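These notes are about the structure you will find just below.
The values are calculated or read from the model by the stated rules, or taken from the named source; none is laboratory data. Please read these numbers as outputs of a predicted model, since none were measured by experiment. Positions of Cβ are backbone-derived with ideal geometry, glycine not excepted, and every protein chain shown enters the neighbour counts. Areas reflect the complete protein model, heavy atoms only, side chains present, ligands, DNA and RNA absent. Shrake-Rupley method; radii C 1.70, N 1.55, O 1.52, S 1.80 Å.
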Amino acid sequence: MSYRTEEVAYVQPAQPAAAAQAAQQQRSTAEYRALDAAHHIHPFSDMGSLNRSGSRVIVKAQGVYLWDSDGNKIIDGMAGLWCVNVGYGRKELADAAYRQMQELPFYNTFFKTTHPPVIELSALLAELAPEPFNHFFYCNSGSEGNDTVLRIVHQYWATQGKHSKKFVISRKNGYHGSTIAGGTLGGMGYMHEQMPSKVENIVHIDQPYFFGEAEGNLTPEEFALARAQQLEAKILEIGADNVAAFIGEPFQGAGGVIFPASTYWPEIQRICRKYDILLVADEVIGGFGRTGEWFAHQHFGFEPDLITLAKGLTSGYVPMGAVGLHDRVAKAIIENGDFNHGLTYSGHPVAAAVAVANLKLLRDDKIVERVKTDTGPYFQKKLRDTFANHPIIGEISGAGLVAGLQLAEDPKARKRFANGGEVGTICRDFCFNRNLIMRATGDRMLLSPPLVINKLEIDEIVAKAKYAIDATAQQLGIS
Ligand code: PXG
């Protein structure tokens, strides 16, 4: 029996029948596609090619399943875009939004005003986050969260009289969003190439990607330590008096679910403390239960000075981002006059009300706890058992309900495919045909399902992933 039982109140009853769904739909798939192609520019897309092939039109969702406009039922192995932690169709969140829209749909938090939802949310976050995080600044996305991080870091060092601390060190193949600041912080070359300009004073060190980048006979622990020590070398190169912060995702999400060995983060923390540099954990994907801990930095055992939050904060039901400030940073910001940063929708009441309902579900339904003790270990074991000695799987990374599957030409020799991106796309297309959403990033296949997933649904995802990876190997002539 699944723990996500029938008493859960969904917004809409399931209607898997294609005919029933078609009756509800406003337009045919062909009409949707034509209008979409005519008027909608998608993010991160080659629109010419997409318009020729046509988008998949998703029309509704419930639990861990999506339905497209042709009535196909699809299992969502990516929780939307790493965000629908409580699963789709939770009435509690819809009710919270509806009530709040009637009561107070909007008021700002500038000019000496506040409102109950943002107060409740801040108090609840302080309760759920580790002890030194008691203050939160709000925005609308993870990208804006990281822009805000840069503003707070800068203001913090100004209050300390250390005006030369301007450099922020980040990592290649990290992802921190797509605003100019987020994109500069991220280490994605293909994004940098298309930016009109970059934010000044941001530099990158190498990522702790053992499978792809370790040379010689280094163990994962030795390699992770060496990669962490690149931070020290970079600080010494720039001069500690000029370095303000280091930012990293506890595990890289969009970069391929890259989990550093246990030696990495303690060393990063040691270096940051030694040279008096703020340590920022971008928890946009890792936060709110993904690894089985409330925050991914707790999984890796380190204490950041700032945390960036978004996605799972509202389970994606409405947009919201935030930055959590360690007490010592918060104190400096609070006690030193104006902080000239804010957005119209900072602490938006509807988003805040939805976030509160979402966080209470994660806590009171013991969703995060179950990821840690039950479904997370089950998912990890199932994947590792299923793909042990698979001819094209080189490693499985992850913890809790997030995993990366490395496609490899020769797994034992850690030899990647020369055309890894193409192999990933082949595999992704097989998933698509089996109605599984599994993301391909280059030659790594990624899974990050809703945290309410039950064991039967995990079995379904893993079986479909196995089919897709077997089919990929077969197409490549590898067995
Ligand atoms: N930080 C991290 C760690 C992220 O993963 C952002 C910041 C930016 O958040 P917003 O809300 O501004 O998008 C993200 C976003 C992918 C993918 O393909 C990942 C993200 C966004 C879009 C696509 O894996 N992560």
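Dipole of the chain, Cα-centred, from +1 at each Lys and Arg C-beta and -1 at each Asp and Glu C-beta, to the nearest 20 debye? Don't jump to the answer; show the numbers that get you there.
Details: 46 positive and 52 negative charges, 78 e Å.
Roughly 380 debye, rounded to the nearest 20.
For a protection proxy built on the mean count of beta-carbon atoms within 10 angstrom, sort 131-138, 276-283 highest first, please. Present the calculation step by step, with values, prior to reporting the outcome.
Working: 131-138: 19.5, 276-283: 25.4.
Top of the packing list down: 276-283, 131-138.
Can you give the FRET efficiency for ASP385 and ASP206, using 1/(1 + (r/R0)^6), R0 = 35 Å, r = Cβ-Cβ distance, to the nearest 0.05?
Numbers: r = 32 Å, r/R0 = 0.92.
The computed FRET efficiency comes out at 0.60.
With respect to the cross-link table entries LYS382/LYS412; LYS162/LYS234; LYS311/LYS382, which display a Cα-Cα separation exceeding 22 Å? The partial results should precede the final answer.
Numbers: LYS382/LYS412 20 Å; LYS162/LYS234 19 Å; LYS311/LYS382 26 Å.
Violating the 22 Å Cα-Cα cut-off are LYS311/LYS382.
Starting from the Cα of ASP470, step 7 Å along the direction of its Cβ; do the same at GLU92; then give the gap between the two resulting points in nm.
3.9
Which aspartates and glutamates does LYS172 reach when only Cα atoms under 15 Å apart count, and residues fewer than 8 places away in its own chain are ignored?
GLU193, ASP206, GLU213, GLU249, ASP282
Assuming a ≥ b ≥ c are the square roots of the Cα gyration tensor eigenvalues, decide whether the chain counts as rounded (a/c under 1.5), prolate (otherwise, with a/b larger than b/c) or oblate. Can you show the working numbers first?
Values: a/c = 1.62, a/b = 1.14, b/c = 1.42.
Here the chain falls in the oblate category.
Find, to one decimal place in angstroms, the Kirkwood hydrodynamic radius of the range 93-364, where the mean of 1/r is taken over every pair of different Cα atoms and then inverted. Let's see the in-between values first.
Details: mean 1/r = 0.0526 Å⁻¹.
Kirkwood hydrodynamic radius for the range 93-364: 19.0 Å.
Of the peptides 411-423, 102-114, 118-130, 451-463, how do they stack up when ordered by the mean number of other Cβ atoms within 10 Å, highest first? Kindly include the intermediate steps, with their values, before the conclusion.
Details: 411-423: 14.8, 102-114: 11.6, 118-130: 17.5, 451-463: 20.2.
Per-residue Cβ counts within 10 Å, averaged per peptide and sorted highest first, yield 451-463, 118-130, 411-423, 102-114.
For the range 13-143, treating each Cα as an identical point scatterer without solvent, what Debye log10 I(q)/I(0) comes out at q = 0.12, 0.14, 0.22 1/Å?
So the normalised log intensities are -0.75, -0.93, -1.33.
So how exposed is LYS464, as accessible area in Å² (1.4 Å probe, rounded to 10)?
Here the accessible area works out near 40 Å².
With runs of 4+ DSSP H residues as the only contributors, calculate the mean residue ellipticity of the chain at 222 nm using -39,500 (n - 2.57) per run, divided by the residue total and rounded to the nearest 500. Before the final figure, lay out the partial values.
Working: 19 runs with 198 residues, N = 479.
It comes out at -12500 deg cm²/dmol, rounded to the nearest 500.
Given the C-alpha centroids of the range 389-408 and the range 160-176, what is the distance between them in whole angstrom?
32
Report the gain in length on full extension from ASN340 to ASP46: 0.36 nm times residue separation, minus Cα-Cα distance, nm rounded to one decimal. Walk me through the intermediate numbers first.
Working: separation 294, 0.36 × 294 = 105.84 nm, distance 3.76 nm.
Value of the extension gain: 102.1 nm.
Please tell me which of these pairs span more than 20 angstrom C-alpha to C-alpha: LYS165/LYS198; LYS73/LYS360; LYS112/LYS165?
LYS73/LYS360; LYS112/LYS165
If the label point is 7 Å along Cα→Cβ of MET195, which residues in the range 229-247 have backbone nitrogen under 19 Å from it?
243-247
Along the positive direction of the dipole of the chain (beta-carbon charges: Lys, Arg +1; Asp, Glu -1; about the Cα centre), which of LEU35, GLY289, THR314 reaches farthest?
Towards the positive end, the residue furthest out is LEU35.
Excluding VAL59 itself, what net charge comes from residues whose Cβ is under 15 Å from its Cβ, given Lys and Arg +1 and Asp and Glu -1? Spell out each step's value before the answer.
Numbers: positive: ARG27, ARG33, ARG56, LYS60, LYS73; negative: GLU31, ASP36, ASP68, ASP70, ASP76.
After counting each charged neighbour, the total is 0.
Considering only protein heavy atoms, what is the solvent-accessible area of TRP157 at a probe of 1.4 Å, reported in Å² to the nearest 10?
10
Taking amide H atoms as placed 1.01 Å from N in the peptide plane, list the residues 5 or more away in sequence, or in a different chain, whose amide H sits under 5 Å from that of HIS204.
When sequence neighbours closer than 5 places are left aside, the close amide H contacts are SER170.
For HIS135, what charge total do you get from the other residues with a beta carbon under 14 Å from its beta carbon, if Lys and Arg give +1 and Asp and Glu give -1? Don't skip to the answer; put the middle values down first.
Working: positive: ARG328, LYS331; negative: GLU127, GLU131, ASP305, ASP327, GLU335.
Result for the local shell: -3.
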